[in-house]
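The values are calculated or read from the model by the stated rules, or taken from the named source; none is laboratory data. What you see is a predicted model, and the numbers here were worked out from it, not measured in a lab. Positions of Cβ are backbone-derived with ideal geometry, glycine not excepted, and every protein chain shown enters the neighbour counts.
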């Protein structure tokens, strides 16, 4: 089966990454548990807009934010196991400037995939199951792919979506794939 897997918030720990860099640069002590909503970067920091945050994240003259993100615990091992019997299809949304560092991150972390899509229109990538944490992505996937397993990786910044399957861990996702597709 084709498993459409999001990166940030699912495989890559986006919040831990930006928080660590922000704390180092600004002498703050933010922690990931403080992120309770989508786009919390503005409300938790000195940034006045998402545009200001993303300009900082780009880090002109140095590696951008997406280059050195830590992984979500259990993600790499689960992807390795799942890739034995299924195709791992990475479907992620990134700013255009982050494309090269996203591919480098995938290589550095040895993500077992041969297919990567960087797009805002994730539903256009045909998969048998999707795993995502973005509220807007989940809602659209359920509408556009009603005959597929759309899985919501439960996070404080997303709420249940009618038609989506709630997933609380990589172990739960693996078990679902085994039950439905094996």
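Residue 42 versus (1) modelled with pLDDT of 95 or more; (2) in contact with a helix residue (DSSP H, G or I) (Cβ under 7 Å, 6 or more places away or on another chain); (3) not assigned by TED's automatic domain parsing to the domain that holds residue 171: which is the lone unmet condition?
Tallying (1) modelled with pLDDT of 95 or more; (2) in contact with a helix residue (DSSP H, G or I) (Cβ under 7 Å, 6 or more places away or on another chain); (3) not assigned by TED's automatic domain parsing to the domain that holds residue 171, residue 42 fails exactly one: (1).
Residue 35 - would you say it is touching a helix residue (DSSP H, G or I) at 6+ places or on another chain (Cβ under 6 Å), modelled with pLDDT of 95 or more and more than 21 Å from residue 129 (Cα to Cα)?
yes
Go through region 104-115 and give me each residue that's surrounded by fewer than 18 Cβ atoms within 10 Å (Cβ to Cβ), at negative phi and in contact (Cβ under 8 Å) with a residue 12 or more places away in the chain.
104, 109, 112, 113, 114, 115
Quick check on my filter: what residues within region 164-182 are modelled with pLDDT of 95 or more, surrounded by fewer than 16 Cβ atoms within 10 Å (Cβ to Cβ) and part of a loop (DSSP other than H, G, I, E, B)?
168, 169
Which of the residues spanning region 59-85 are surrounded by 17 or more Cβ atoms within 10 Å (Cβ to Cβ) and either free of Cβ contacts under 8 Å to residues at least 40 places away in the same chain or in contact with a helix residue (DSSP H, G or I) (Cβ under 9 Å, 6 or more places away or on another chain) (or both)?
Those that are surrounded by 17 or more Cβ atoms within 10 Å (Cβ to Cβ) and either free of Cβ contacts under 8 Å to residues at least 40 places away in the same chain or in contact with a helix residue (DSSP H, G or I) (Cβ under 9 Å, 6 or more places away or on another chain) (or both): 64, 65, 66, 69, 72, 75, 78, 79, 82.
If you go through region 86-103, how many residues are surrounded by fewer than 19 Cβ atoms within 10 Å (Cβ to Cβ) and out of contact with any helix residue (DSSP H, G or I) (no Cβ under 8 Å at 6 or more places or on another chain)?
Count: 5.
Residues of region 28-49 being without any contact (Cβ under 8 Å) to a residue 12 or more places away in the chain, surrounded by fewer than 12 Cβ atoms within 10 Å (Cβ to Cβ) and farther than 24 Å from residue 160 by Cα, which ones?
Residues satisfying the conditions are 29, 48, 49.
If you take the residues of region 121-136 that are closer than 24 Å to residue 53 by Cβ and in contact with a helix residue (DSSP H, G or I) (Cβ under 9 Å, 6 or more places away or on another chain), which of them is surrounded by the most Cβ atoms within 10 Å (Cβ to Cβ)? Give the steps one after another, and end with the answer.
Our first condition is that a residue be closer than 24 Å to residue 53 by Cβ; within region 121-136, this holds for 121-122, 132-136.
Filter again for in contact with a helix residue (DSSP H, G or I) (Cβ under 9 Å, 6 or more places away or on another chain), leaving 121-122, 132, 134.
Values: 121: 12, 122: 23, 132: 29, 134: 22.
Restricting to residues being closer than 24 Å to residue 53 by Cβ and in contact with a helix residue (DSSP H, G or I) (Cβ under 9 Å, 6 or more places away or on another chain), the top hit is 132.
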